[in-house]
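Here is the structure we will look at, set down as structure tokens.
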Amino acid sequence: MDLIIARPEGLYCPPGDFYIDPWRPVARAVITHGHGDHARAGSQHYLAAAAGEGILRKRLGANISLTSLPYGEAITHHGVKLSLHPAGHVLGSAQVRLEYQGEVWVASGDYKVEADGTCAAFESVRCHTFITESTFGLPIYQWRAQADIFADINQWWQNNADNNRTSVLFCYAFGKAQRLLSGLNPGIGPIVVHGAVEPLNQVYRQAGVALPTTRYVSDMTDQAQLRKSIVLAPPSAQNTSWMKRFGDYSDAFAGGWMQLRGARRRRGVDRGFIMSDHADWPGLQSAIKATGAERIFVTHGQVNVMVRWLREQGMDAQGFTTEYGEEAAEAEIELPDADKLPEDLAQTDTQTEAATV
């Protein structure tokens with residue numbers, strides 16, 4: 001039998017009678033991570049990785065009914081053995097392993113295979129059936145090493161500071177901002193963050209993640225110091241009155257979409273830094289192969305391309321229709337139709353038992 005099926009409320013486990021990352025309120029929800037397209041309010045009870053508890057309570061409410069489970073520890077619910085394993089995406093992100101009557105399925109949520117130090121590193125989990133995302137499931141998406149990207153960002157910041165221009169770096173407030181903070185060189189100048197970013201920084205620090213000292217812009221009374229600073233802000237802050245206090249600033253956007261020609265122009269920023277918290281094309285391929293799965297279900301992103309490639313490798317693959325992919329929508333750029341990509345796009349711009357779940 002299929003351990004996970006698609007229902008109007010979300011991905012459902014029939015023998016266990018629970019959902020994984022449901023997009024409608026349900027009685028029991030297993031959450032892979034705290035991004036808004038995977039963790040939604042209104043469900044009666046939640047289960048998530050212990051490392052992500054602070055994020056979920058910050059985003060869904062401090063008083064939600066939430067059971068947290070350490071990575072690798074298993075519970076059994078209605079005969080289904082369930083455990084959570086690191087996905088390497090953001091703090092607390094997890095893959096959901098289900099075992100029932102000798103069959104093993106893994107729902108990966110969103111994942112990244114390169115370790116970054118701000119969350120538990122991705123762990124490959126062997127299974128019969130694997131559910132994978134495909135946000136960046138095209139050959140054009142191949143990430144540079146994180147250290148090289150940070151070197152570019154810090155050099156951009158240093159050059160701006162030398163010319164007394166504030167550096168404004170747009171990024172998602174949860175996950176991307178903290179990853180960027182972990183690689184910034186505080187010796188260049190002050191690090192300033194938007195009000196949407198700092199509460200999540202606090203959750204990361206409480207979880208033991210080392211981040212540099214950050215300040216609110218209202219704390220920056222010395223304009224000379226402000227012009228030496230770097231500011232991390234969500235994309236929604238762009239072109240708002242909040243930006244006026246920085247005067248003559250240089251801005252940039254950090255995200256995987258910067259790999260596409262024209263993305264920086266559509267964003268209207270000076271620089272684009274290609275950094276994603278999702279696996280790139282080689283990462284998706286290696287992660288899928290490492291599971292040893294016989295069946296692959298592909299969710300949000302470039303589903304058709306990934307399914308086609310998997311079938312060419314001799315795998316049993318098909319798409320799963322979901323409502324995930326909020327980050328793609330937030331990027332506010334035109335994502336390519338994979339079946340109509342011109343060839344020149346290939347040339348890129350550079351065992352515990354429990355009664356309930």
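How many residues does segment 240-264 hold that are touching a strand residue (DSSP E or B) at 6+ places or on another chain (Cβ under 9 Å) and in a helix (DSSP H, G or I)? Qualifying residue count, segment 240-264: 8.
Of the numbered criteria (1) under 24 Å from Arg59 (Cβ atoms); (2) touching a Leu at 6+ places or on another chain (Cβ under 7 Å), the one Val80 fails is (1).
Of the residues making up segment 140-159, those that are among the small types (Gly, Ala, Ser) and either part of a helix (DSSP H, G or I) or over 18 Å from Ser276 (Cβ atoms) (or both) number 2.
Scan segment 269-289 for residues that are outside any strand (DSSP E or B) and under 24 Å from Gln155 (Cα atoms) and the total you get is 6. Here is the figure for segment 13-40: residues that are among the aromatic types (Phe, Trp, Tyr) and over 14 Å from Leu98 (Cα atoms) total 1. Among the residues of segment 108-129, just one is within 19 Å of Ala317 (Cβ to Cβ), surrounded by fewer than 24 Cβ atoms within 10 Å (Cβ to Cβ) and of a type in the set (D, E, K, R), namely Arg126. Could you say whether any residue in segment 22-44 is crowded, with 23+ Cβ neighbours inside 10 Å, under 17 Å from Tyr111 (Cα atoms) and among the charged types (D, E, K, R)? Taking every residue of segment 22-44 in turn, none turns out to be crowded, with 23+ Cβ neighbours inside 10 Å, under 17 Å from Tyr111 (Cα atoms) and among the charged types (D, E, K, R). Looking only at segment 134-172, residues that are open to solvent by 20 Å² or more (accessible area, probe 1.4 Å), in contact with a helix residue (DSSP H, G or I) (Cβ under 8 Å, 6 or more places away or on another chain) and under 30 Å from Phe320 (Cα atoms) come to 4 in all. Residues in segment 177-199 that are open to solvent by 10 Å² or more (accessible area, probe 1.4 Å) and assigned to a helix (DSSP H, G or I): Ser182, Gly183, Glu198, Pro199. Among the strands (runs of 3 or more DSSP E) confined to segment 23-136, there are none with at least 2 residues that are modelled with pLDDT under 95 and touching a Ser or Thr at 6+ places or on another chain (Cβ under 9 Å). Hey, does segment 120-131 have a residue that's within 21 Å of Met306 (Cβ to Cβ) and under 14 Å from the mean Cα position of the chain (by Cα)? Yes - at least one qualifying residue is present in segment 120-131. Being buried (at least 16 other Cβ atoms within 10 Å of the Cβ) and among the acidic types (Asp, Glu), is that true of even one residue in segment 90-107? Within segment 90-107 (the criterion being buried (at least 16 other Cβ atoms within 10 Å of the Cβ) and among the acidic types (Asp, Glu)), the answer is yes, since at least one residue qualifies. Residues that are closer than 21 Å to Gln318 by Cβ and among the small types (Gly, Ala, Ser) do occur in segment 130-137, at least one of them. Among all positions in segment 316-333, there is at least one residue which is small (Gly, Ala, Ser), crowded, with 21+ Cβ neighbours inside 10 Å and at pLDDT 95 or above. Each residue in segment 82-98 was checked for being over 16 Å from Arg179 (Cα atoms) and among the β-branched types (Val, Ile, Thr), and 1 pass. Applying the set (1) touching a strand residue (DSSP E or B) at 6+ places or on another chain (Cβ under 9 Å); (2) open to solvent by less than 50 Å² (accessible area, probe 1.4 Å) to Arg215 leaves exactly one unmet item: (2).
Restricting Arg266, Arg215 to those that are modelled with pLDDT under 95, over 19 Å from Trp156 (Cβ atoms) and among the basic types (Lys, Arg) reduces the list to Arg266. Part of a helix (DSSP H, G or I) and touching a Gly at 6+ places or on another chain (Cβ under 8 Å): is that true of Met306 in this structure? For Met306, the condition - part of a helix (DSSP H, G or I) and touching a Gly at 6+ places or on another chain (Cβ under 8 Å) - is met.
The values are calculated or read from the model by the stated rules, or taken from the named source; none is laboratory data. These figures come from a predicted structure and were not determined experimentally. As a convention, Cβ positions derive from the backbone with ideal geometry for all residues, glycine included, and neighbour counts pool all protein chains shown. Ligands, DNA and RNA are stripped out before the accessible areas are found, and what is left, the full protein with its side chains, is counted by its heavy atoms. Shrake-Rupley method; radii C 1.70, N 1.55, O 1.52, S 1.80 Å.
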